[in-house]
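First the structure, in the form of structure tokens, and then the observations on it.
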Amino acid sequence: MAGAFELRKAKDGQFYFILKAGNGEIILNSEMYQAKKSAEAGIVSVQNNCSMDERYARGQASNGKFYFTLKAANHQVIGTSQMYASTASRDAGIESVKTNGKTSVIHDPTSA
């Protein structure tokens, strides 16, 4: 099963998206957007930038866990990963975004 984006609306009315791997696990969370069109543009940005390794910033949180962010060409953060226990699992998460981030499948329950 291939990955998919899911567009969501927060309780405060802002929009965001998540990217799920084929197994349903969330591998990338977006920032919050005031407008749905902006969130949709964020998805396009993931699709355009996910295959470039230089777009990933790898980090370590103060609790010792590892994470990454995906950035656009203008260095703005497009999405952030979950926390990982090791650098190897974080790097596997990056590879998953590289694989699944190109998907054109977008679930949009906000339009229902």
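Here are some notes:
- Spacing of the two label points (7 Å from each Cα toward its C-beta) at residue 29 and residue 62, in nm: 1.7 nm
- In this Cβ point-charge picture (+1 for Lys and Arg, -1 for Asp and Glu), the stretch 1-88 has a dipole of about 180 debye about its Cα centre.
- The phi-based Karplus calculation (6.51 cos²θ - 1.76 cosθ + 1.60; θ = phi - 60°) puts the 3J(HN,Hα) values of the stretch 42-54 at x, 4, 4, 5, 4, 4, 7, 10, 5, 7, 9, 4, 5 Hz, whole numbers, x for Gly and Pro.
- Cα shape, the chain, gyration tensor, a/c 1.5 rule: prolate
- With respect to the chain, whose longest principal axis is taken over its alpha-carbon atoms, helix 87-100 is tilted by about 40°.
- Computed over the chain, relative contact order equals 32 percent, with contacts defined as Cα pairs under 8 Å that lie 6+ residues apart.
- Mean separation of Cα pairs under 8 Å and 6 or more residues apart, divided by the residue count, gives the stretch 67-112 a relative contact order of 26 percent.
Bear in mind that the values in this text are calculations on the coordinates, not laboratory data. Not measured: the values here are computed from a predicted model. Cβ sites come from the backbone with ideal geometry, for glycine too, and all protein chains shown count toward neighbours.
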